[in-house]
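Take a look at the structure set out below.
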Amino acid sequence: MSTTVLPEVTIEDIEVFADDLDAEKGAEIFLEHGCLVVRGLFKEYAEAIGRDIMATVEQSISLLDQAKKVAEGWTTPNGALFLPAPEGYHRDKQIMCVPINYQSSAAFFQSGLNPNMLDLAEAILGPNVELYGSGQSLCKEPVGGHPKHLHQDSAYFEHKYFGPVAVLSYCIDTDLNNGCLHVVPGSFKLGQLEHTDTFSHLGLDPDEWPWERSLPVEGKAGDGILFHVRCIHGSKQNFSEKARPIFIHRYRRIDDYVIVGGTTTENRAKNAQNPQKNKGGQRGFMVRGFRPYESDE
Ligand SMILES: O=C(O)CCC(=O)C(=O)O
């Protein structure tokens with residue numbers, strides 16, 4: 001059990017502003033706390049991305065009659081992931097993962113190339129930076145939409161080296177009532193923690209990691225929250241009357257790669273028996289610098 005006492009950190013300690021951004025200062029905060037809030041980072045894209053996310057949500061809901069049961073819940077043919085809806089909801093399933101990506105939304109892809117964000121990624125990771133994955137989006141439906149229990153993303157994709165820097169952004173103003181992100185500053189220094197199976201997949205033991213140990217980050221549409229792959233984070237239910245969409249980009253060093261991935265304790269333990277030994281085909285689009293030739297051998 002981790003009884004480590006982490007430093008008391010306030011929002012002001014981890015907050016900077018996009019219209020007056022000093023990337024080196026932002027990187028310093030990130031490297032100290034494993035997280036950083038950048039007010040207004042994706043302000044100009046939030047509305048368009050929100051529209052594309054909600055169109056994808058509607059499309060996913062219309063495909064629910066073709067949903068297939070999987071270990072994590074149910075998936076529709078377009079790749080959405082659904083979880084059981086809270087009691088009393090007008091449908092028995094609610095969406096969690098929205099299958100929007102750089103291939104389907106121009107606004108989403110363009111936001112991933114935002115110069116302020118790339119300056120931060122470079123200041124944190126060094127001169128050569130690639131995108132990890134094709135972008136991610138989660139939507140909490142109204143009236144109880146799923147919590148995402150506190151977890152480290154490295155439970156899902158543990159990396160060989162420093163790991164990815166994620167940036168999560170709100171598409172609408174988001175507070176404690178509609179499911180803002182919570183982070184645990186300093187937790188990225190605790191190493192890889194043991195996770196269990198929860199309603200929202202891999203999560204930390206709530207007795208050891210209650211929400212009170214985390215810092216809620218309320219914010220406006222377009223605020224960006226950067227966090228390290230081992231920074232503990234999560235978000236509570238959406239108790240409002242309106243959907244709460246968010247989008248995530250991830251950046252990493254060009255030599256980094258996933259060594260063990262998983263979504264349940266069972267499939268992760270199985271994958272851990274045979275960890276990935278080299279970068280292999282895991283090359284993302286370059287967003288800063290240059291990738292020299294490297295063999296996969
Ligand atoms: O939807 C959220 O607020 C949390 C998302 C998250 O924690 C994750 O994707 O790792």
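Taking first residues from the stretch 244-272 that are in a helix (DSSP H, G or I) and partners that are away from the ligand (no atom under 15 Å from the Cβ) and of a type in the set (S, T, N, Q), the Cβ contacts under 8 Å between residues at least 6 apart in sequence or on separate chains come to 265/196.
Run down 156, 132 and say which single residue is surrounded by fewer than 19 Cβ atoms within 10 Å (Cβ to Cβ), closer than 19 Å to residue 284 by Cα and within 15 Å of the ligand (Cβ to nearest atom). Just one listed residue meets the conditions, 156. The set of residues in the stretch 113-129 being closer than 14 Å to residue 249 by Cα and either within 13 Å of the ligand (Cβ to nearest atom) or not in a helix (DSSP H, G or I) (or both) consists of 113, 114, 129. Among all positions in the stretch 246-259, there is no residue which is under 21 Å from residue 150 (Cβ atoms) and hydroxyl-bearing (Ser, Thr, Tyr).
Under the condition of being assigned to a strand (DSSP E or B) and of a type outside the set (Val, Ile, Thr), which residue from the stretch 220-243 is farthest from residue 29 (Cα to Cα)? Ranking the candidates gives 238 first.
Looking across the stretch 135-153 at every residue that is of a type outside the set (Gly, Ala, Ser) and outside any strand (DSSP E or B), the one that is farthest from the ligand (Cβ to nearest atom) is identified as 143. On inspection, residue 168 passes the criterion of being in a strand (DSSP E or B) and either closer than 26 Å to residue 48 by Cβ or within 15 Å of the ligand (Cβ to nearest atom) (or both). Reported count of residues in the stretch 45-77, each being in contact with a helix residue (DSSP H, G or I) (Cβ under 6 Å, 6 or more places away or on another chain) and polar (S, T, N, Q), is 1. Scan 287, 183, 229 and give me the residue that is more than 16 Å from the ligand (Cβ to nearest atom), among the hydrophobic types (A, V, I, L, M, F, W, C) and in contact with a Phe, Trp or Tyr (Cβ under 8 Å, 6 or more places away or on another chain). It is 287.
The residue of the stretch 87-111 that is modelled with the lowest pLDDT, among those that are loosely packed, with under 14 Cβ neighbours inside 10 Å and not basic (Lys, Arg), is 88. When you look at residue 238, is it modelled with pLDDT of 95 or more and under 15 Å from residue 156 (Cβ atoms), yes or no? Criteria not met by residue 238. Looking across 46, 27, one residue alone is in contact with a strand residue (DSSP E or B) (Cβ under 7 Å, 6 or more places away or on another chain), among the small types (Gly, Ala, Ser) and either loosely packed, with under 13 Cβ neighbours inside 10 Å or in contact (Cβ under 8 Å) with a residue 24 or more places away in the chain (or both). It is 46.
On inspection, residue 220 fails the criterion of being more than 17 Å from the chain's Cα centre (by Cα), more than 15 Å from the ligand (Cβ to nearest atom) and surrounded by 17 or more Cβ atoms within 10 Å (Cβ to Cβ).
The values are calculated or read from the model by the stated rules, or taken from the named source; none is laboratory data. None of these values were measured; they are calculated from a predicted model. Cβ atoms come from the backbone with ideal geometry, glycine included; neighbour counts cover every protein chain shown.
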